[in-house]
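Please treat every number below as a calculation from the coordinates, not as lab data. In this text the structure is predicted, and so the values were computed from the model without any measurement. Every residue, glycine as well, gets a Cβ built from its backbone with ideal geometry; the counts of neighbours run over all protein chains shown.
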Amino acid sequence: MTHDDVITLFREQAALMPEQGPPKSQLILGLAQLLADSRGRLSKENFETLVELGAALYKEGNSQYQARSDVDTIMTRSHKDNDR
């Protein structure tokens, strides 16, 4: 199987998903479980590559969460300022 074959699988699976798809936290947890279950069966290089992918998902998800949290804080402060 080539990486093009896998990309095709990704496209096919993506077409079956709802528009928004699963939350990143669910994807990260799924990947974490896969890695935990596969640790002794994957090569060191493959394991490290999957950890890197998980880290990228985690970082992006954390950035989005932080951005939403920052907006919420700003909106809360703005609301309190308008109440004065």
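For segment 3-61, run through the GluC sites (Glu not before Pro) and keep only the ones in DSSP coil with at most 12 other Cβ atoms within 10 Å of their Cβ. Don't skip to the answer; put the middle values down first.
Details: sites: Glu12, Glu19, Glu45, Glu48, Glu52, Glu60; in loops: Glu19.
Those that pass, being in a loop and sparsely packed, are Glu19.
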(request) Would you work out which of Gln64, Gln33, Thr76 lies farthest towards the positive end of the dipole of segment 22-83? Charges go on Cβ: Lys and Arg +1, Asp and Glu -1. (result) Gln33
(message) For a quick check: with amide H placed at 1.01 Å from N, whose amide H comes under 5 Å from Leu42's, ignoring anything fewer than 5 positions away on the same chain?
(response) none
(message) Taking a virtual spin label 7 Å from the Cα of Val51 along the C-beta vector, which residues in segment 7-33 bring their backbone nitrogen under 19 Å of it?
(response) 28-33
(request) Of the listed values (i) 15.9; (ii) 13.1; (iii) 15.2, grab the one calculated as Kirkwood radius over Cα pairs in Å from the structure here. (result) (i)
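Could you put Lys24, Lys44, Lys59 in order, starting from the residue whose Cβ has the fewest other Cβ atoms within 10 Å? Intermediate values should be presented prior to the final figure.
Numbers: Lys24 15, Lys44 7, Lys59 10.
Ascending Cβ contact count within 10 Å gives the list Lys44, Lys59, Lys24.
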